[in-house]
């Protein structure tokens with residue numbers, strides 16, 4: 001594997017510009033390949049430093065690096081962060097006045113800007129392509145590259161045009177970056193962007209700082225409030241399946257004292273943008289959103305992602321949970337799900353315009369995510385095995401921390417399957433459970449289901465237990481949901497084997513897990529990172545950072561990440577030389593920000609909370 005000598009310009013830029021003392025795993029090899037002129041596809045976990053892989057070569061090679069990014073807000077934040085680090089960077093996008101875009105282009109044309117951030121739509125206009133052909137473009141970097149592949153979970157039609165880049169710029173290296181791509185998607189990206197003639201680097205998919213937990217949906221509003229309410233002052237994202245539920249959840253949280261804002265495609269564009277700006281720039285805001293929110297969101301201090309519904313695939317889930325804990329500090333990914341989620345997701349696939357092969361592929365992807373939700377062993381192992389990794393049990397998921405009791409449920413399963421069979425394999429879980437428990441309902445009496453042999457045979461178990469059993473029978477392939485109808489249950493061939501006593505059904509009892517009630521990641525982070533007396537200093541440093549960010553009109557994390565402030569609170573630098581040793585302090589930030597932060601640290605009471 002290639003590596004760079006510590007005396008190289010890459011290390012100098014890493015230290016002097018970005019304020020880091022060493023590269024993260026995988027970065028050096030990518031840098032060496034790009035500096036050698038190779039095309040590269042880079043798969044790295046979110047928060048592992050993909051941007052440095054193209055930013056440092058851009059500064060070393062001179063000329064112009066064009067960065068393709070899907071979101072205006074992301075481009076604006078990255079350019080602001082680069083400028084604070086003393087890097088000449090620009091973006092031209094639809095949110096800016098024409099005069100500002102024109103001034104930015106003059107800087108690019110005159111060679112005063114080294115990195116230009118563009119959306120795929122703007123880059124692929126003939127006017128922009130023609131203008132760029134006349135400039136010394138040395139590198140094309142495509143962020144969120146999985147969007148170009150129809151095999152991936154987040155295909156975006158506007159990315160398809162990027163397949164022409166190799167033809168338009170035949171002598172320019174192309175670097176594609178993503179955190180989410182299985183093997184089929186990786187091959188598709190490489191084929192489209194550089195005809196397969198490049199190197200692929202996969203640095204692993206694990207995000208060990210994120211605690212994983214899944215809980216059965218019971219009362220989703222209560223579960224949501226219990227989780228969010230235990231984390232006051234934290235930034236978080238709550239994902240909902242529908243626009244209606246997004247609005248409902250945001251209003252519910254707001255009514256209970258949480259600063260929550262909605263975000264979905266049905267909102268006016270200005271309101272959506274305003275809510276996103278608040279979330280990105282202010283602390284302690286909870287964004288309640290559909291999947292319309294999040295692509296490319298680079299806010300490092302998001303402490304949790306809460307899924308109120310089941311995502312569509314493992315890739316989509318991994319991508320969404322990856323929006324928390326980008327600063328490397330402890331974070332939580334918590335999901336609640338139920339049988340209705342499985343039915344809805346199957347229905348979406350059934351109604352998709354794709355051919356049968358595509359639908360089969362999507363059903364298998366959903367199967368993999370359901371297996372993750374029902375995992376009887378380490379969730380992280382289940383998740384990462386999907387991407388071809390085999391880690392040891394993580395100790396940082398609900399299953400590792402509180403292993404579920406798994407027992408033989410074959411008799412219960414046979415009772416449920418018998419009730420499904422004898423009622424005609426056309427009713428949903430609620431009616432089947434009523435038959436099993438011997439309920440006296442008008443529907444049961446009208447249909448004569450109170451005269452069936454299975455009527456009342458499950459009276460020893462409560463409704464919640466039967467819901468869990470039926471959900472797990474569906475998840476394990478013993479029962480099939482009628483996705484085209486109203487969730488009617490029918491017996492699969494595997495289910496028939498269970499009824500004949502030729503198969504075994506093992507299930508876990510659903511009990512309230514410690515996920516929602518556990519110590520929030522923020523508190524664990526503070527306990528792990530700071531001595532008691534330094535917590536107050538950390539809070540004061542955050543206040544100073546916020547005031548500086550507001551003056552400059554940028555998000556707080558663009559000034560300094562939390563990790564840098566934690567390092568300051570620990571080190572308590574007394575002069576510029578010591579301040580230069582703080583994580584993330586390069587020459588420009590040392591020049592621009594050392595004075596106010598050093599003053600605050602000097603004035604803060606030693607060992608106290610002020």
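The values are calculated or read from the model by the stated rules, or taken from the named source; none is laboratory data. Keep in mind that this is a model prediction, so the values were computed, not measured. FYI the Cβ positions are ideal-geometry reconstructions off the backbone, even for glycines, and counts take in every protein chain you see.
What the table shows:
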{"item": "Members of the range 105-121 that are surrounded by fewer than 20 Cβ atoms within 10 Å (Cβ to Cβ) and assigned to a helix (DSSP H, G or I)", "result": "105, 106, 107, 109, 121"}
{"item": "Checklist (1) farther than 29 Å from residue 330 by Cα; (2) assigned to a helix (DSSP H, G or I); (3) under 22 Å from the mean Cα position of the chain (by Cα) applied to residue 147, failing item", "result": "(1)"}
{"item": "Hits in the range 164-186 (condition: part of a helix (DSSP H, G or I) and at pLDDT below 90)", "result": "183, 184, 185, 186"}
{"item": "Residues (touching a residue at least 24 places away in the same chain (Cβ under 8 Å), closer than 21 Å to residue 498 by Cβ and loosely packed, with under 15 Cβ neighbours inside 10 Å) located in the range 434-476", "result": "453"}
{"item": "Residue pairs meeting the criteria (Cβ under 8 Å; at least 6 apart or on separate chains; first outside the structural domain of residue 447 (by TED's automatic domain parsing), in the range 405-429; second in a helix (DSSP H, G or I) and surrounded by fewer than 20 Cβ atoms within 10 Å (Cβ to Cβ))", "result": "none"}
{"item": "Residue match in the range 384-391 (condition: touching a strand residue (DSSP E or B) at 6+ places or on another chain (Cβ under 6 Å) and surrounded by fewer than 19 Cβ atoms within 10 Å (Cβ to Cβ))", "result": "no"}
{"item": "Some residue of the range 376-387 being under 23 Å from residue 337 (Cα atoms), in the same structural domain as residue 314 (by TED's automatic domain parsing), modelled with pLDDT of 85 or more and over 19 Å from the mean Cα position of the chain (by Cα)", "result": "yes"}
{"item": "Condition check for residue 224: part of a helix (DSSP H, G or I), out of contact with any strand residue (DSSP E or B) (no Cβ under 6 Å at 6 or more places or on another chain) and closer than 24 Å to residue 326 by Cα", "result": "yes"}
{"item": "When residues of the range 30-56 are limited to those that are touching a strand residue (DSSP E or B) at 6+ places or on another chain (Cβ under 6 Å) and surrounded by fewer than 20 Cβ atoms within 10 Å (Cβ to Cβ), the one farthest from residue 137 (Cα to Cα)", "result": "38"}
{"item": "Count - residues of the range 77-87 that are buried (at least 17 other Cβ atoms within 10 Å of the Cβ) and free of Cβ contacts under 8 Å to residues at least 60 places away in the same chain", "result": "2"}
{"item": "For residue 255: the one exception among (1) more than 29 Å from residue 145 (Cβ to Cβ); (2) touching a helix residue (DSSP H, G or I) at 6+ places or on another chain (Cβ under 7 Å)", "result": "(2)"}
{"item": "Check on residue 266, touching a helix residue (DSSP H, G or I) at 6+ places or on another chain (Cβ under 6 Å), surrounded by fewer than 20 Cβ atoms within 10 Å (Cβ to Cβ) and touching a residue at least 12 places away in the same chain (Cβ under 8 Å)", "result": "yes"}
{"item": "Residue that is more than 13 Å from the chain's Cα centre (by Cα), part of a strand (DSSP E or B) and in the same structural domain as residue 232 (by TED's automatic domain parsing), where the choices are 349, 342, 336", "result": "336"}
{"item": "Helices (runs of 4 or more DSSP H) completely within the range 355-418 that count 2 or more residues being within 30 Å of residue 431 (Cα to Cα) and in contact with a helix residue (DSSP H, G or I) (Cβ under 9 Å, 6 or more places away or on another chain)", "result": "356-373"}
{"item": "Of all residues making up the range 187-221, the number that are in a helix (DSSP H, G or I) and touching a residue at least 24 places away in the same chain (Cβ under 8 Å)", "result": "8"}
{"item": "Residue 520 being at pLDDT 55 or above, more than 16 Å from residue 572 (Cα to Cα), in contact with a strand residue (DSSP E or B) (Cβ under 9 Å, 6 or more places away or on another chain) and not assigned by TED's automatic domain parsing to the domain that holds residue 85", "result": "yes"}
{"item": "Residues of the range 400-428 classified as buried (at least 18 other Cβ atoms within 10 Å of the Cβ) and either at pLDDT below 90 or at positive phi (or both), total", "result": "1"}
{"item": "Only listed residue being modelled with pLDDT under 90 and closer than 30 Å to residue 297 by Cβ, chosen from 528, 475, 484, 540", "result": "528"}
